[in-house]
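The values are calculated or read from the model by the stated rules, or taken from the named source; none is laboratory data. Computed from a predicted model, the values in this text were never measured in an experiment. Here the Cβ is made from the backbone with ideal geometry for all residues, glycine too, and neighbour counts use every protein chain on show. Accessible surface is based on the protein model in full, side chains and every heavy atom, while ligands, DNA and RNA are left aside. Shrake-Rupley method; radii C 1.70, N 1.55, O 1.52, S 1.80 Å.
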Amino acid sequence: MRYVSTRGASVKLPFGDVLLAGLAYDGGLYVPEAWPTLAPGDLARFADMPYAEVAIEVMAPFVGDSIDPDAFAEIVRDAYATFDDPAVVPMRELDGGLHLLELFHGPTLAFKDVALQVVGRLFDYELTKRNRTVTIVGATSGDTGSAAIEACRDRDAIEIFILHPHRRVSEVQRRQMTTVLSPNVHNIAVEGTFDDCQDLVKEAFADADFRDRHQLSAVNSINWARVMAQIVYYVKAAADLGRGEKPVAFSVPTGNFGNVFAGYVAQRMGVPITQFIVASNQNDILTRFLETGSMRLGEVHPTLSPSMDIQVSSNFERLLFELVGRDGAQVAELLLQFRSDGDFTLGTDVMAQLREHWSGERIDDEQTTRIIASTWEHSGVLIDPHTAVGIGAAVTCRRDASVPVVCLATAHPAKFPDAVEAATGIRPELPPRLDDLFERPERCTVLPNSIAALEGHIDAALLGVTP
Ligand SMILES: *Cc1c(COP(=O)(O)O)cnc(C)c1O
């Protein structure tokens, strides 16, 4: 198995190189040269198998011969042993033919753990094999940082520095990061906003000396390995509901498009998925695109579902590559235009083909609150605001009442207790593994919003030099 870039101008690479590279050299994203397919009977078989074993089989063709099969199987089993439900991603039925796939039973209570618990271990394995180390530097507005920290803690080949805006993340979010006291984990609170944190990270990567000195790296959402690990739960949910004989639909609360793109891959592999419902909050660039055929940049509005408050869905590039017949030059041209003009438009034939399986809907904060309340009332289940956006879109967009819709539950309700309490009057409790979170000691360094301060701090921590 080799990987090509969506912009068509990078050399083909095997899985191990794609894992460590993240972005391709031509600025594109890596995708497999060809989509592997499931064998007849696989889905029926997967219905009776534990999640980790399905994961090993589904991911194997993407990993190819890059990683020793026994080592890979051990990594995957180890990753999913950190989840506190034996089903890893349990599914439950809601009122009205909807199913809730709970992706939040990992260490940080959000779906990003499903991929990052595997990817952190793969990084460590691949780096150790190559006798290399990296320094991961990233910015977070809350959720991604804790998932990355949990994925990388105590891994010998990795040092991780996560910047968050000082006093601008919730106490749960902060403590999920700062109470991890592993020696390779470094939390930095920047006196500034999330955008300041992101700018500092960009500046650090742009400083070639600094980047090389510490072998800077990222585990961001465009990494192919993250998409790969997310394919598995689409396969497993479809297997559990229909054993491959009955079609299913998915409703996915979407930000960067990584999650729902993994569903597209499952469909290409042969899973009978008849509809993808792309659920957005007020940041509705994807809904507008599905309505009009134009991808047009808007402003970012803060909402009750902050992990979807984004302007550009970077992983959409992977679907675009498929829509234009894998013509990398055309993808590069469209994205260049997007960058310079803030929009691009696809032809009516392409859009018609896309709309056969794809629908989009925006759900605002008021609707989100109502959906949290009604799901509690009718099904007795507390859901977080991101999940509510998906359920709302599922109800509106569902095309065929005989096809079950799987709504992805992307965060535990206790991660967003204020929104849940406002809607239902009930404050959701943290699960047992986190119930002493507020008693645990914290470690964090506060830094001014300055690249010199950041680089000085990292130099001091890793090289023992005083800034
Ligand atoms: C990251 C995130 C999303 C969006 O996922 P994408 O892969 O970026 O589309 C949705 N919900 C929650 C809770 C998240 O953390």
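Would you confirm whether any residue within the stretch 149-158 is within 17 Å of Thr108 (Cα to Cα), open to solvent by 20 Å² or more (accessible area, probe 1.4 Å) and touching a Phe, Trp or Tyr at 6+ places or on another chain (Cβ under 7 Å)? Checked against the condition, which is being within 17 Å of Thr108 (Cα to Cα), open to solvent by 20 Å² or more (accessible area, probe 1.4 Å) and touching a Phe, Trp or Tyr at 6+ places or on another chain (Cβ under 7 Å), the stretch 149-158 yields no hits at all. Please go through the stretch 313-322 and give me each residue that is open to solvent by 20 Å² or more (accessible area, probe 1.4 Å) and over 14 Å from Leu23 (Cβ atoms), ordered by number. Residue satisfying the conditions is Glu322 alone.
Name the residues in the stretch 404-418 that are open to solvent by 10 Å² or more (accessible area, probe 1.4 Å) and either more than 12 Å from the ligand (Cβ to nearest atom) or free of Cβ contacts under 8 Å to residues at least 24 places away in the same chain (or both), would you? Selection gives Pro404, Pro417, Asp418.
Residue-level check: of (1) among the small types (Gly, Ala, Ser); (2) open to solvent by 30 Å² or more (accessible area, probe 1.4 Å); (3) in contact (Cβ under 8 Å) with a residue 60 or more places away in the chain; (4) touching a Leu at 6+ places or on another chain (Cβ under 9 Å), Ala21 misses just (3).
Taken across the stretch 24-45, residues that are touching a strand residue (DSSP E or B) at 6+ places or on another chain (Cβ under 9 Å) and of a type in the set (Lys, Arg) do not occur at all.
Of the helices (runs of 4 or more DSSP H) entirely within the stretch 363-467, those holding at least 2 residues that are under 28 Å from the mean Cα position of the chain (by Cα) and of a type in the set (Asp, Glu) occupy 365-379, 417-424. Being without any contact (Cβ under 8 Å) to a residue 12 or more places away in the chain, open to solvent by 30 Å² or more (accessible area, probe 1.4 Å) and not hydrophobic (A, V, I, L, M, F, W, C) is a property that Pro69 has.
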